[in-house]
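Structure first, commentary second.
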Amino acid sequence: MASAIVSDDIARRHELHGLQPVLPVADVAASARFFERVLGFEIDFLYGAPATHGRVKSGDGSCGQPIFIHLSQAMPEDIRPSGELRMHVGRGLDALFDAYLSVLSTETIRCCITFPSA
């Protein structure tokens, strides 16, 4: 059983300020380019030659916190769909979705969209 929370302000005391998902990918550089060219992210860094780890970024902090996603080299047979990533969108969700669909085929990505109950 988990122990009781030590303090109500533990997140503030330790300055927790974000969470960055790590996605396993077969080709880090190609995946980073996909995020850049298709989804509009910028490549923050690539490590190694060939790249075995990298990070992409969207946003500059002027409208909420930037989004960071790490990309980590994995064997293709070890990559399985699991979990989910949630992107917070301030406005124009339908237009953003339409823009993504216009450049992505159903073979490239499978989308599952849920909306909160009203």
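The values are calculated or read from the model by the stated rules, or taken from the named source; none is laboratory data. All values derive from a computational prediction rather than experimental measurement. Neighbour counts are summed over all protein chains in view; Cβ atoms, including those assigned to glycine, are modelled from backbone coordinates with ideal geometry.
Of all the residues in the range 49-71, those that are in contact (Cβ under 8 Å) with a residue 12 or more places away in the chain and either within 14 Å of the chain's Cα centre (by Cα) or more than 21 Å from Val89 (Cα to Cα) (or both) number 15.
Among the residues of the range 22-35, the ones that are surrounded by fewer than 18 Cβ atoms within 10 Å (Cβ to Cβ) and within 12 Å of the chain's Cα centre (by Cα) come to 3 in all.
Take Leu46 and decide whether it is at negative phi, of a type outside the set (S, T, N, Q) and surrounded by 12 or more Cβ atoms within 10 Å (Cβ to Cβ). When the stated conditions are applied, Leu46 passes them. Got at least one residue in the range 96-114 being loosely packed, with under 10 Cβ neighbours inside 10 Å, β-branched (Val, Ile, Thr) and either at pLDDT 70 or above or over 20 Å from Ser31 (Cα atoms) (or both)? Yes.
Considering (1) modelled with pLDDT under 95; (2) surrounded by 11 or more Cβ atoms within 10 Å (Cβ to Cβ); (3) touching a Ser or Thr at 6+ places or on another chain (Cβ under 8 Å), the lone condition that Arg13 does not fulfil carries the number (2).
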